[in-house]
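Right, one structure below, let's go through it.
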Amino acid sequence: MDRTAQLVARPAQHAVAYDPGTPPGPPHVAAHLGAPRTGPASRRAAQVLADNWTGSSTVPSPGLYPHQWSWDSAFVAIGLRHVSARRAQTELETLLDAQWGDGRVPHIVFNPSVPLDAYFPSPDFWRSSTAGRAAGAPRTVQTSGIVQPPVHALAAWLVHRADPGLSRARGFLGRMYPRLAAWHRYLLHRRDLGGGGLVSVVHPWEQGMDNAPSWDAPLSRVTPAPARSFRRADLDHGAPEDRPTDLDYGRYVRLAAEYRDGDYRDGGTGPGGGEFAVEDPSFNALLIASEHALAHIAHELGATGTARHARAERLTAALVERLWDPAEEMFFCRDLHDPHGSGDRHGPRGPGGALVPERGVSGLVPLLLPGLPREVAAGLVRTLRGPHFGLGTATRLVPSYDLRGEAFDPHRYWRGPAWFNTSWLLERGLRAHGARADADALRRAVVDVAAASDFAEYVDPFTGEACGATGFSWTAALTLDLLHDDGTTPDERPDEPPDEPPGMTSGTAGTASTTGTTGTAGTAVLGTTSGTGGTAGPDSAAGADATAIEGGDRG
């Protein structure tokens, strides 16, 4: 089945709205987006990805972040698929080679050639091979012990769609599926700490928006590690006023150390379920999006995907039930250890904790879910346009925090600056729910500001001034994705980069080896996988037949 037939054949009720692509028919130019995108921005974006390529994965920034980060690699793969589908596959394969036996995908995979003092917390802090032994941490590669948002199945599906022939020939989805299924099962079974069906994060770094004001109240109960017990390498590469404070960093270190010292166990009253446990709307929305994508992967491998779509719908209902505030028209984090419990104005819905009354971009990200109730989606669009985020009036990109909030700071990390990955997610969400003019304006802004800021890590939401690192990988990758989806065909963009970015050559995909069969859509693509990093956990046997693919990880 060719790519166009695949897209047409997808059930309408489960359409993946994150990759509109060019519709079939005669080439066209979407005039409402203005002039077709020109070559220099895409060439520079491809060069950033080439410069940050290590040979098997892409670092976010060679100086500031010199290792492989989990959700960064997912976003990188989404953009890299337009330049080299093989490299995009390798990006995800390398990350999942470091998966733990219990299914978790660690948030950092360390490059052993990088000096220990180049980044903190370094491998000798996490001690994954010893502290993580009971959880199945890999022995041949060092990782962190916490996780990041599960964008990976969505990325894998989009990478497959970029070149289905290559994907099938290499058995890409057949090797990815059991690992991704184990990853989702870990989250759904080990991290439902509130008992309401949603996944909890046990550290702010897991959610990805490290020092967002939503964490202030939950973190206030954490005693910070002594300043003399760690050295912040991030301040060697970024201005202190743009980074988390020393007090916050001390609390991050304390939380991580306690989780490590508890052997990375989840739940209960000790580390992993004690001082910090928060249900976050963005983290759960990305899990739902990836669960829908995993259903499409299962369908490609010969199953129906029905059970996974149903699970995604149940998770969407739980998300609305536990985290949506209809009066504020936003999703909010739920602090499971809030001492006020259900006694405050945010508490009545569901067991455990209370909602944190801070408006962050995380509370808007669920807009990317096609299954949201219509009134919820409409409320999110109104909030995006309203005074707290000012999209289209005060700001061109989506700020990371409430413009009117007491903690707002246009330059300090996730306390106000605009980030390109969240704007990309919201562009997809606006388009999915019919707000085309807003989506088109946001797409233009992402492309324009990314190029003008030299693909900055994040920017001042008012001025577009670059903050943090420049030449940042996910900014370049997601710009490439939006440039590719600008309503033109490849032939109309003669200045697009070649199949491989400068400095990249085709090679083998990570260290995974595969034995199996390949086939067309609707035929099972099955096999067994071995790699250098741990195992895929209990799901490593998934894929023996279509029934196993469909229901192998039902709880």
Residue count, segment 258-278 (criterion: at pLDDT 75 or above and surrounded by 19 or more Cβ atoms within 10 Å (Cβ to Cβ)): 9
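State yes or no: is residue 405 small (Gly, Ala, Ser), open to solvent by 10 Å² or more (accessible area, probe 1.4 Å) and in contact (Cβ under 8 Å) with a residue 60 or more places away in the chain? Don't jump to the end; show me each part of the working.
Details: small (Gly, Ala, Ser): yes; open to solvent by 10 Å² or more (accessible area, probe 1.4 Å): yes; in contact (Cβ under 8 Å) with a residue 60 or more places away in the chain: yes.
Taking the combined requirement at face value, the residue satisfies it.
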Somewhere in segment 84-98, is a residue over 19 Å from the mean Cα position of the chain (by Cα), modelled with pLDDT under 95 and over 26 Å from residue 442 (Cβ atoms)? no
Anything in segment 322-346 that is part of a loop (DSSP other than H, G, I, E, B) and at pLDDT 85 or above? List them, or say none. 326, 327, 328, 329, 332, 333, 336, 337, 338
Boolean, residue 434 is small (Gly, Ala, Ser) and more than 26 Å from residue 292 (Cα to Cα): no
If a residue has to be in a helix (DSSP H, G or I), open to solvent by 10 Å² or more (accessible area, probe 1.4 Å) and in contact with a Gly (Cβ under 9 Å, 6 or more places away or on another chain) to count, how many in segment 117-130 make the cut? 1
Just to verify a result, which residue in segment 51-84, among those that are small (Gly, Ala, Ser) and over 15 Å from residue 155 (Cα atoms), is surrounded by the most Cβ atoms within 10 Å (Cβ to Cβ)? 61
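Within segment 347-369, track down each residue that is modelled with pLDDT under 95 and crowded, with 20+ Cβ neighbours inside 10 Å.
Residues satisfying the conditions are 352, 353, 354.
Is it the case that segment 29-45 has a residue that's over 21 Å from residue 287 (Cβ atoms), of a type outside the set (Ser, Thr, Tyr), modelled with pLDDT of 50 or more and buried (at least 22 other Cβ atoms within 10 Å of the Cβ)?
From segment 29-45, those over 21 Å from residue 287 (Cβ atoms) are 29-45; that's our starting set.
After this cut, where a residue has to be of a type outside the set (Ser, Thr, Tyr) as well, the list is 29-37, 39-41, 43-45.
When the remaining residues are screened for being modelled with pLDDT of 50 or more, the result is 39-41, 43-45.
Those still in the list that are buried (at least 22 other Cβ atoms within 10 Å of the Cβ) too: 45.
The answer is yes; a qualifying residue exists.
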Taking the stated definitions as given, is residue 103 touching a residue at least 60 places away in the same chain (Cβ under 8 Å) and assigned to a helix (DSSP H, G or I)? no
Take residue 95 and tell me if it is closer than 30 Å to residue 250 by Cα and part of a helix (DSSP H, G or I). yes
Selected residue (criterion: surrounded by the fewest Cβ atoms within 10 Å (Cβ to Cβ)) from residues of segment 135-158 that are aliphatic (A, V, I, L, M) and part of a helix (DSSP H, G or I): 135
Number of positions in segment 370-402 that are open to solvent by less than 10 Å² (accessible area, probe 1.4 Å) and either of a type in the set (A, V, I, L, M) or at pLDDT below 95 (or both): 6
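The values are calculated or read from the model by the stated rules, or taken from the named source; none is laboratory data. Worth saying up front: this structure is predicted, and the values here are computed from it rather than measured. Glycine also receives a Cβ, built like all others from the backbone with ideal geometry; neighbour counts cover every protein chain displayed. What goes into the accessible areas is simple: the full protein's heavy atoms, side chains included, and nothing from ligands, DNA or RNA. Shrake-Rupley method; radii C 1.70, N 1.55, O 1.52, S 1.80 Å.
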